1. Within segment 137-193, can you find the residues that are closer than 27 Å to Gly109 by Cβ and of a type in the set (Val, Ile, Thr)?
2. Spot the failing condition for Asn124; the list is (1) under 18 Å from the mean Cα position of the chain (by Cα); (2) within 27 Å of Ser349 (Cα to Cα); (3) assigned to a helix (DSSP H, G or I); (4) not aromatic (Phe, Trp, Tyr), and only one is missed.
3. Take the residues of segment 260-282 that are more than 16 Å from Gly316 (Cβ to Cβ) and of a type in the set (Gly, Ala, Ser): which is surrounded by the fewest Cβ atoms within 10 Å (Cβ to Cβ)?
4. Taking segment 116-160 as the region of interest, how many residues are among the charged types (D, E, K, R) and without any contact (Cβ under 8 Å) to a residue 40 or more places away in the chain?
5. So Lys300 ticks every box in (1) surrounded by 14 or more Cβ atoms within 10 Å (Cβ to Cβ); (2) at pLDDT 95 or above; (3) charged (D, E, K, R) but one. Which box is left unticked?
6. Pick from Ala121, Ala157, Ala178: which is among the small types (Gly, Ala, Ser) and more than 29 Å from Thr239 (Cα to Cα)?
7. Could you look through segment 184-217, keep only residues that are surrounded by fewer than 16 Cβ atoms within 10 Å (Cβ to Cβ) and under 15 Å from Ser233 (Cα atoms), and pick out the one that is modelled with the lowest pLDDT?
8. Report, ordered by the first and then the second residue, all pairs with beta carbons closer than 8 Å, sequence separation of six or more or different chains, a first member in segment 231-248 that is farther than 20 Å from Ser328 by Cα, and a second member that is modelled with pLDDT under 95 and small (Gly, Ala, Ser).
Amino acid sequence: MRRPGRETQSSEGIVGEFDVDESAEATETSRRTKLSAGGVNNPKQTAVNIKLVPASVAEIDKKDRVKRTPGSVSGRRNVPSSKNLPFVYPQDKQIWENHFLPELYSWQGVVKEQFSSSSHADFNSVVRNAWLRWFDHLPPQYEDVDGTTCDRVSHPAIQSVTQAALSTYRSDLANKKALLYVEQKMNEEVIPEEDSDTTERRKVWVQEQLDGMSILYEFPGDDQTNPSGLFKSEVFSRTLAYHLYKMRDSGKFVWFGNPAGAVALSAAAIKRALTIWKDGVKPKIKSEDDVDGDGEKRIKQAARNGPTSFSQAHWGGTVNHYFDKFTSKLSDSKFEEIVAYAEFYLPESSKALLRSTQEGVDENDELVMSD
């Protein structure tokens, strides 16, 4: 992929097939706030040579507890939420959603450690630099509940909430996108017939896809021999499109590299979706809203830890396989093709955001490159 130029002009909000995090008006408001002349520095300015200060989990427990709601269990640690983030202005949440997190999704899409990105050597610095880039209009320090003056960039909720957001992103890509697209593809090709067993035909179809993972290819080939167009099938492109959607236009401001990690993650998510359907029926896994009582909680926990759980324990090796054998070896031009195929499935406003990151680098434009 070409390394994008950086711009400061506003773009429309994202709407369409994917979950809409913020409206177009909210996106525009946050961008105007960030780039206005009201004492806010231009986001082109990037902090360098920053000494990292690890977040303290103990400090989270002690100083940043969520207010307990009726019925909560006394003594249980409350995980920080977006309400605990050290915001000052109402529009700060929009900046977090529309600019800060997309930058982290972009970075995660590059690295191999898709399930353990928060343990990556660069995670702390990436989070810190993103905060300084997008929240440099906030006072650099704050007072905690004990009256101690602390650096705002080191607020423990920032990393905790970021980790939760990255986890949700992975889960949504697998459960809301890949699983859906595989099911839709199967229903297109396995049409119920009165004189045949649909479940058995689904099992056969799934096994055919798993053999050689032809579902990842644009052209599976006759009898699935000599396939071509790896990572360009409709199912794959639609899955990867979710990653592009979550990135928004973050590539204008910092460039981490080609999305080798996101491509590997998408491939693994599709294989996992096929595995879920291997018996011809989709297992009934209770949603969060359906959980009621200790027995059902155990069922849900078992599903989370089971072989179909999209986690490091069960699918980390598959992600690593695709990353090591395929995606880490792709050329820039191949990535451009793969991204172009995925871009086709984005809403028009999302396509405009993505294209704005691919217009080339102006010789006078300062582009931040990640090591």
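1. Val153, Ile158, Val161, Thr162, Thr168, Val182
2. It fails just one condition, (2).
3. It comes out as Gly280.
4. Residues flagged as among the charged types (D, E, K, R) and without any contact (Cβ under 8 Å) to a residue 40 or more places away in the chain within segment 116-160 amount to 1.
5. Checking Lys300 against (1) surrounded by 14 or more Cβ atoms within 10 Å (Cβ to Cβ); (2) at pLDDT 95 or above; (3) charged (D, E, K, R), the one that fails is (2).
6. Among Ala121, Ala157, Ala178, only Ala157 is among the small types (Gly, Ala, Ser) and more than 29 Å from Thr239 (Cα to Cα).
7. This residue is Gly212.
8. Tyr245/Ser350; Arg248/Ser350
The values are calculated or read from the model by the stated rules, or taken from the named source; none is laboratory data. Just so you know, these numbers come straight off a predicted model, no measurement behind them. Cβ atoms come from the backbone with ideal geometry, glycine included; neighbour counts cover every protein chain shown.
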